[in-house]
Amino acid sequence: MGVPGTARRWAVAALCAPSAAVLVYAWGAIHLYTPDFRETCELAHGGWDRAYGQVTYFPLSRPCNADQDLVPSYVNPAVVVLLVATALCVGLAVAARRNPRSRKEL
């Protein structure tokens, strides 16, 4: 007997959400590395300050100065939301699997 229809949909979503989180994280990580960090900050982000520039991997960050970061601002929140969605989808898949009313096969 396979996984019921509702549980199957939540299980698929639980597999897709972490994949999306990895892709968004990778997109942000690409922004950490630039051939000339100082020049990129000066030309594209309004300046470079020596006090900044340390790379952190969680949250992803490589600041040029107090106001600008090479990593887009949406990357870290998107990763967190996708990981929370993963946990939620897993919980809903388990709940749907245990629910006798969701035993109908589609």
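Note on Arg9 and Phe58: the extension gain reaches 14.6 nm, defined as 0.36 nm multiplied by sequence separation minus the Cα-Cα distance. Expressed as a whole percent, the accessible surface of the chain that belongs to carbon and sulfur atoms is 66, based on a 1.4 Å probe. Heavy atoms of the protein chains alone define the surface here; on that basis the chain has 66 Å² accessible area per residue at 1.4 Å probe size. With angles folded into 0 to 90 degrees, how steeply does helix 75-98 sit against the dominant principal axis of the chain? Use alpha carbons for both and round to 10. On a 0 to 90 degree scale, this one is about 10. Projecting the Cα atoms of Asn76, Ala21, Ala87 onto the charge dipole of the chain (Cβ charges, centred on the Cα centre) puts Ala87 farthest toward the positive pole.
The length gained by stretching the chain between Cys16 and Gln68 to full extension, at 0.36 nm per residue less their Cα-Cα distance, is 15.6 nm.
Relative to the longest principal axis of the Cα atoms of the chain, the long axis of helix 5-30 lies at roughly 10 degrees.
Distance between the modelled labels on Ala29 and Val81, one decimal in nanometres: 2.2 nm (7 Å Cα→Cβ projection).
Given the rule -39500 (n - 2.57) for each run of at least 4 DSSP H residues, summed and divided by the residues of the chain, what is its mean residue ellipticity at 222 nm, to the nearest 500 deg cm²/dmol?
Working: 3 runs with 58 residues, N = 106.
After summing the helix terms and dividing by residue count, I get -18500 deg cm²/dmol.
The values are calculated or read from the model by the stated rules, or taken from the named source; none is laboratory data. Quick caveat: nothing in here was measured; it's all calculated off a predicted structure. Backbone-built Cβ (ideal geometry, glycine too); neighbour counts: all protein chains shown. Ligands, DNA and RNA are excluded from the accessible area calculation, which covers all protein heavy atoms including side chains. Shrake-Rupley method; radii C 1.70, N 1.55, O 1.52, S 1.80 Å.
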